[in-house]
Amino acid sequence: MVLLIRRDAYLKEIQSVMGKQIIKVLTGMRRVGKSTLLMQIQNELINSGVKPEQIISINFEMMEYEPINDYQLLNAYIRKRIVNDEKYYVFLDEVQEVKGFEKVINSLNAEEIAEVFITGSNSKLLSGELATYLTGRFYVIEILPLSFKEIFDHDAERSADSPTERSAIHPAVHPADRPTVHRDDSPASNTTVLPAPIYSKEELLKQYINTGGMPGILQFDDDRIKKNYLLDMYQSILFRDIVKRSKIRDVDLLQRFMRYLLHNIGQIFSAGTITKYLKSEGRKLSKETIYNYLEAAKNAYLIHGIPRYNIKGKELLKTNEKYFINDLGLRSLYFDNEQDIGQALENLVYLHLRRQGFEVYVGKIDKQEIDFIAVKGQEKKYMQVSYLLAEPSTIEREFSALEAIDDNFPKLVLSLDRVNRSQNGIIHQNIAEFLLN
């Protein structure tokens, strides 16, 4: 049975534009939970009094709808379902499979007879003709894998549902690690403290680093089955969303390139370096092809590219971006995330900032690097990420880079230390606590 976790942050954002005559577009990597969100929106509509007949829902990954492969067939199907003057709600899942779909959704939106929701697993969904048709008429939400907080809250709920069974399997955790959760089922005090979650924060973070946050893995307890699920998902993204869409002929070369990229997440990327690496393996790859592969992987939401920003010069640098994977569980198919813990933690922090709505950059100040500059409107934060501040040299390196920045925006050092090493106005915070914020 697939576990359905309420994505409250996304649902709240979607609710803020409900009733507005704009097309709601959910984008994101394959199997990241877009279909589940559409289902949850439909359930909320029904609970609010909308009749099921007013909801028209099509998932184009299902064989049932395979014959609807162009905009005329899609339009005919939807129009047949609209039988009166009531407001309708149209949900089109993985709609990029239908040629010319933009003509249909534009017409439905212009006529104001339906509120339209669409999903797609390719960032080009909103390029070309669609952007021309729908200028100013759509609202985009990128869906990311489950956050650490969503995993943590889910773990606490599972423990509350069957405390006796689980306490026999899992050892007790330190009381300081237990979340305080209350339930209104006690007549005397009106609150009852629920049992502790299955894992401590640290244990759960370790598991999250290794297996990631794809919703589908929560239905499995066996790590081997989780890995098989992730491998199937990765190959589906690689072949359906990258090879097929971008018409890539040399699949072996693409796979070698992607493994190199996954191994070097969080590192300054150089086309020259990867060219030399592949040459050492007897393969050749032009810089043009490298950037085509990068673009295809970004379009499929498999990776994210982070531009570099010169803090003193106040300008974006055109070369040497960093790249992060959309989910660490996919990287764990080929590499040990615990062994590469520094890179893995940077990846988690980057995704957390994106979930909070920040634009993220890598900072450069003189010869020093700032791991992240996070910007949202007038808000800005500078961040350094480290595994542990165990050595004086590590503390000096992480704090001195931030001290070189002479503005008054917040500056943070994040690590797995439990001891607070805040100094000189720079905040030091435990990464697990930061991710639960």
Inset, instruction - Can you pull the one-decimal nm distance between simple spin-label points at Leu231 and Lys149, each 7 Å off the Cα toward Cβ? - result: 3.5
Inset, instruction - Please give the contour-minus-distance gain from Arg397 to Asp8: 0.36 nm per residue of separation, less the Cα-Cα distance, rounded to one decimal in nm. - result: 136.2 nm
Inset, instruction - Any chance you could run the full-extension gain for Ile82 through Ile22? It's 0.36 nm times the residue separation minus the Cα-Cα distance, nm to one decimal. - result: 19.7 nm
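First measure r as the distance between the Cβ atoms of Asp250 and Asn69, then evaluate 1/(1 + (r/R0)^6) with R0 = 30 Å and state the FRET efficiency to the nearest 0.05. Don't skip to the answer; put the middle values down first.
Details: r = 29 Å, r/R0 = 0.96.
Working from the Cβ atoms, E equals 0.55.
Work through the residues other than Ser57 whose Cβ is under 14 Å from its Cβ and net out their charges, Lys, Arg +1 and Asp, Glu -1. It would help to have the intermediate numbers written out before the result.
On the way: positive: Lys24, Lys34, Lys51, Arg81; negative: Glu44, Glu53, Glu61, Glu64, Asp93, Glu94, Glu115.
Overall, the nearby charge balance is -3.
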Legend entry - Cα centroid of the stretch 51-111 to Cα centroid of the stretch 223-262, whole Å: 30
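Given the stretch 1-97, report the % of alpha carbon pairs whose separation exceeds 18 Å. Please report the intermediate quantities before stating the final value.
Values: 2422 of 4656 pairs.
For the stretch 1-97, the share of Cα pairs beyond 18 Å comes to 52 percent.
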Legend entry - Rounded percent of accessible protein surface that carbon and sulfur make up, the chain, 1.4 Å probe: 49
Legend entry - Relative contact order for the chain, counting Cα pairs under 8 Å that sit 6 or more residues apart, in percent: 13
Inset, instruction - Name the shape class, rounded, prolate or oblate, that the alpha-carbon gyration tensor gives for the stretch 220-307, where a ≥ b ≥ c are the square roots of its eigenvalues, rounded holds for a/c under 1.5, and otherwise prolate holds if a/b is larger than b/c and oblate otherwise. - result: prolate
Inset, instruction - Taking the Cα atoms of the stretch 37-142, report the difference between the largest and smallest coordinate on each principal axis, in whole Å and largest first. - result: 37, 29, 25
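Rounded if a/c is under 1.5, else prolate if a/b beats b/c, else oblate: with a ≥ b ≥ c from the C-alpha gyration tensor eigenvalues square-rooted, which is the stretch 328-382?
On the way: a/c = 3.77, a/b = 1.58, b/c = 2.38.
Judged from the Cα gyration tensor, the stretch 328-382 comes out oblate (a/c at least 1.5, b/c at or above a/b).
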Legend entry - Euclidean distance of C-alpha centroids, the stretch 279-327 and the stretch 23-44, integer Å: 28
Inset, instruction - With a point put 7 Å past each Cα toward its Cβ, work out how far Ser123 is from Asn292 in nm, to one decimal. - result: 1.9
Inset, instruction - Using only the Cα atoms of the chain, construct the convex hull and provide its projected area averaged over every direction, in square nanometres to one decimal. - result: 25.6
Inset, instruction - Quickly work out the Val50-to-Gln378 label distance, labels modelled 7 Å from Cα along the C-beta direction, and quote it in nm with one decimal. - result: 3.6
Inset, instruction - Give me the net charge of Arg418's neighbourhood, meaning all other residues with Cβ under 10 Å from the Cβ of Arg418; Lys, Arg count +1, Asp, Glu -1. - result: -3
Legend entry - Cα Rg, Dmax, the stretch 305-437, angstrom units: 14.4, 42
Legend entry - Charge tally in the Cβ shell below 11 Å around Ser332, where Lys, Arg are +1 and Asp, Glu are -1, Ser332 excluded: -2
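Phe409 to Leu333: extension gain in nm, 0.36 nm per residue of separation minus the Cα-Cα distance?
On the way: separation 76, 0.36 × 76 = 27.36 nm, distance 3.84 nm.
Using 0.36 nm per residue and subtracting the Cα-Cα distance, I get 23.5 nm.
How much accessible area per residue does the stretch 1-84 have, in Å², with a 1.4 Å probe?
Per-residue accessible area for the stretch 1-84 comes out at 55 Å².
The values are calculated or read from the model by the stated rules, or taken from the named source; none is laboratory data. Treat the numbers as computed from the prediction; the structure is a model and nothing was measured. Glycine gets a Cβ as well: all are built from the backbone with ideal geometry, and neighbour counts include every protein chain shown. These area figures cover heavy atoms from the full protein model, side chains too; ligands, DNA and RNA do not enter into them. Shrake-Rupley method; radii C 1.70, N 1.55, O 1.52, S 1.80 Å.
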